[in-house]
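Notes follow once the structure below has been shown.
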Amino acid sequence: QNEEKWDFVLVSDIHETGSEKEIKRNKFLYELSKKGFTIKKIEDTKLFYGVRAPQHIFWKYQRLLTNPDSRQQNSSAQQDVPVTTRIRVVHFILQNTVTSDLEKLHDLMKKKVFEAAFPLHKKEEITEILKKKWARWRVLFKEQPIEEIRSYFGEKVALYFAWLGWYTYLLVFAALAGVATVAAGATVFSSSQVSKEICDANNTIMCPLCDQNCSFWVLSDTCTYAKVTHMIDNEATVVFAMFMAIWATVFLELWKRERATVATSWDLYGWDEEEEELALQLINNPQHEPRWYQHSYFRSTIILILAVLMIMVLIGIAHALVIYRAVAMALFTQSEVNLLSRHADTIAVLTGAVLHYLTIVIMTKVNWQVALFLCSLEKPRTFSQGENNFTVKIFIFQFFTNFSSLIYIAFFLGRINGHPGHYVRIAGHWRLEECHPSGCITDLFIQMAVIMVLKQTISNIMEYLIPWISHQLRKKKKRPKKRSLMLGEEEEAEDPCKKQWLKNYELNEVNVFSLFNEYLEIVIQYSFTTIFVAAFPLAPLLALINNVIEIHMDAIKMMRLRRRMVPRKAKDIGIWLQVLEAIGTLAVIGNGLVIAITSDFIPVQVYKYMYSPCTRQNHTNMDCSTGYINNSLSVFHIRDFEPHTKVLPEFNGVQIKECRYRDYRNADDYTYTIQFWHIFAARLAFLILFEHVALCVKLIAAWYIPDVPQKVKNTILKEKYVHLCKEL
């Protein structure tokens, strides 16, 4: 027997006869049947209503949206509408059917009249293909069946997976370059003069790191750190940062080509979202008046002010983290526990990074609500316009949440904390933390590593486990009902639909934002992979590992753990492309700043060419960075300490008169030396040069790679030509 095909299932609790909820429910179902819908009711622990739309709705849809030239041929034979289109049309009509009380399905769900509405995962050939070739762990490195994804989940989901697959494929090159950079740092540069000098400096006595009971320390204590720092902070990093700026551009350009090819093969070039929405409105209600475009400067101003306030709050949170680290550092250094006081700086940075991760998790939920509220103020005209507005807002908020503390570490840490004898203090009490003695880039490296690893492991595990557990719980909750029936007299033959509907109802619900969340996660990850990549060259490798798992995890979630998504049509990845382009530009600026300001690349170069022994006499066999460390440390006289500083003036039994600290200041009055200004000028010059070169290369790459392949252009040209010839 031919299995009945149902487009949608509505689920409702069993309400008492004559109750308000039941009346509302019947009113809604009556409106649907007036439109010619077939409705089938099945009763279990809940009421299930299967809904099937009449054929004439789809004929109307086809007539309104097919190209004029294909109309004459197909007017007699109506071809079948694809399932994805069927579901989309039915979903639109369900959402926009108004009862006599002027309520839509959305309002009825809020009032608990209906509990859920969803299209069905059916046992078909295509679901089997997708489960076998895509939604399982065994096919990790196989190509994705994009065509099948499209014909089951619609264009929007298929484009997401095509984009994610493409991004992952190109990450291979970025990851290789990152690993090569670190490998170069570990081999070629391991014998670097700078780290050798730090390791040999066992009588360079450094100023204490805190005010109370801290002793002096010897520079050679930080030997291992210096070596690690040099693995990331060397000449190869500059080349790598340039490479990543170009990589980001090439990735987007190649994606545009890929997208153009896909859009033509799916026949999306002539498709227009606005037209589709109008057509659906008219099919649903022939008297429908379109919503006109509106723009109010007053509303925009309000939204702008609120968004800026929100960003201020996010930056304030970053400040709170800074204060936490300064206070934690002071408390750890004075603690009785030896382990804490010895590694106070590293522990403060690590706990700071974990706290930062927690604020990211909490603020994500807050940002979400704020962005939704701001979008509701804007009153967008169509769903897609609303989605675009929401995307921009949530991305900006998430960007500040994720990056404000990194920006502080990269560009402000250790640059605004004064010098011995005159420290900048929080509330006049706690010293601002300083950079790690082996250079500020170490702090940035630790912070990036902790956040990326935590984000990818914990967030991914949660993302998979929560749906899986809730699916298992829903299954457990629904089962027992059947057995009690079996005990009684023989039941009538069970409806074949019932089992299928129940099985679909047990899956986790999906909402409009299910796909949006996946995009947001990957785009934030893309920012980590490009913006500060100079400080953490392994970021692309982590991203690559994460994405290979992510693709299949999303696939398994969509096929096995969640109800079927309502398929949506789309030509491209929408506003996300602009967001990615913005990140590409930020990446050039960010990496330029990291190399110019955070890393020691510029001070070493300035020293080599202006202050090193090489400039005074011609030493061919000598490393020009000899003496750099001694040159980069200033002298401080113990007698100038602030009165409340308690320092033990003895160190290893020697009375100490002066100590060293990282800065370029004169020994007598602690003003900046001329070398400080030389380095400052060199940093600015490098920054301007790096950014202009990188942006030029980006522009050249964008011009060099055409957005649309010739083949696609020629296909479109041919179609136009054939059509015009026929008309002629």
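The values are calculated or read from the model by the stated rules, or taken from the named source; none is laboratory data. Just so you know, these numbers come straight off a predicted model, no measurement behind them. So basically every Cβ, Gly included, is an ideal-geometry build from the backbone, and we count neighbours across all protein chains shown. The area values use the complete protein model at the heavy-atom level, side chains included, leaving out ligands, DNA and RNA. Shrake-Rupley method; radii C 1.70, N 1.55, O 1.52, S 1.80 Å.
Structure above, values below:
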{"quantity": "Calculated FRET value between Ala183 and Ala116, using beta carbons and R₀ = 41 Å, to 0.05", "calculated": "0.15"}
{"quantity": "Dipole magnitude of the stretch 243-382 about its Cα centre (Cβ charges: Lys, Arg +1; Asp, Glu -1), debye to nearest 20", "calculated": "660"}
{"quantity": "Rounded tilt (10° steps) of 297-333 against the dominant C-alpha axis of the chain", "calculated": "50"}
{"quantity": "Furthest towards positive pole of dipole, Ile302, Met448, Ala248, structure part the chain, Cβ charges", "calculated": "Ile302"}
{"quantity": "Helix 55-65 vs. the chain, principal-axis angle (Cα, 0 to 90°, nearest 10)", "calculated": "50"}
{"quantity": "Ranked by how many other beta carbons lie within 10 Å on average, peptides 546-554, 10-18 from highest", "calculated": "546-554, 10-18"}
{"quantity": "Positive-pole candidate from Phe118, Leu102, His56, dipole of the stretch 8-120, charges at beta carbon", "calculated": "His56"}
{"quantity": "Contour minus Cα-Cα distance for Glu658 and His422 (0.36 nm per residue)", "calculated": "83.4 nm"}
{"quantity": "Folded to 0 to 90 degrees: helix 383-411 orientation relative to the chain principal axis, Cα", "calculated": "20"}
{"quantity": "Per principal axis, descending, Cα span of the stretch 8-120 in whole Å", "calculated": "54, 29, 20"}
{"quantity": "Accessible carbon and sulfur surface of the stretch 603-697 relative to its total accessible area, %, 1.4 Å", "calculated": "60"}
{"quantity": "Virtual spin-label span in nm between Ile42 and Leu64, 7 Å along Cα→Cβ", "calculated": "3.1"}
{"quantity": "Angstrom value of the Kirkwood radius, inverse mean 1/r, which spans all Cα pairs in the stretch 156-315", "calculated": "22.8"}
{"quantity": "For the chain, with +1 on Lys and Arg beta carbons and -1 on Asp and Glu, the positive-most of Ile198, Ala587, Val361 along the dipole", "calculated": "Val361"}
{"quantity": "Label-point separation, Trp166 to Ile469 (7 Å along Cα→Cβ), nm", "calculated": "3.7"}
{"quantity": "Reach of Lys608 by Cα under 14 Å, taken over aspartates and glutamates that are not fewer than 8 positions away in the same chain", "calculated": "Glu235, Asp600, Asp623"}
{"quantity": "Part-to-part distance (alpha-carbon centres) for the stretch 661-706 and the stretch 321-370, which is given in Å", "calculated": "31"}
{"quantity": "The chain - charge dipole about Cα centre, Lys and Arg +1 at Cβ, Asp and Glu -1, debye rounded to 20", "calculated": "1840"}
{"quantity": "Sparsely packed chymotrypsin sites (Phe, Trp or Tyr not before Pro) within the stretch 79-149, loop by DSSP, other Cβ within 10 Å at most 13", "calculated": "Phe141"}
{"quantity": "Cα gyration tensor, the stretch 86-226 - rounded (a/c under 1.5), prolate or oblate", "calculated": "oblate"}
{"quantity": "Dipole magnitude (debye, nearest 20) for the stretch 603-697, charges at Cβ of Lys, Arg, Asp, Glu", "calculated": "140"}
{"quantity": "Percentage relative contact order, the stretch 8-120, counting C-alpha pairs under 8 Å, at least six apart", "calculated": "43"}
{"quantity": "Alpha-carbon centroid distance for the pair the stretch 239-307 / the stretch 527-597, whole angstrom", "calculated": "18"}
{"quantity": "Length added when fully stretched, Thr457-Leu306, from 0.36 nm per residue minus Cα-Cα", "calculated": "51.0 nm"}
{"quantity": "The chain - accessible surface per residue (Å², probe 1.4 Å)", "calculated": "50"}
{"quantity": "Label point distance in nm, Leu577-Phe298, each placed 7 Å from Cα along Cα→Cβ", "calculated": "3.7"}
{"quantity": "Nearest-0.05 FRET efficiency for Thr671 and Glu650, computed from C-beta distance (R0 35 Å)", "calculated": "0.70"}
{"quantity": "Dimensionless Rg over Rh [the stretch 237-335; C-alpha; Kirkwood]", "calculated": "1.25"}
{"quantity": "Extension gain from Lys498 to Glu274, taking 0.36 nm per residue of separation minus the Cα-Cα distance", "calculated": "76.9 nm"}
{"quantity": "The chain, relative contact order in percent, only Cα pairs under 8 angstrom and at least six apart counted", "calculated": "21"}
{"quantity": "Relative contact order of the stretch 603-697, defined on C-alpha pairs under 8 angstrom at six or more residues apart (%)", "calculated": "23"}
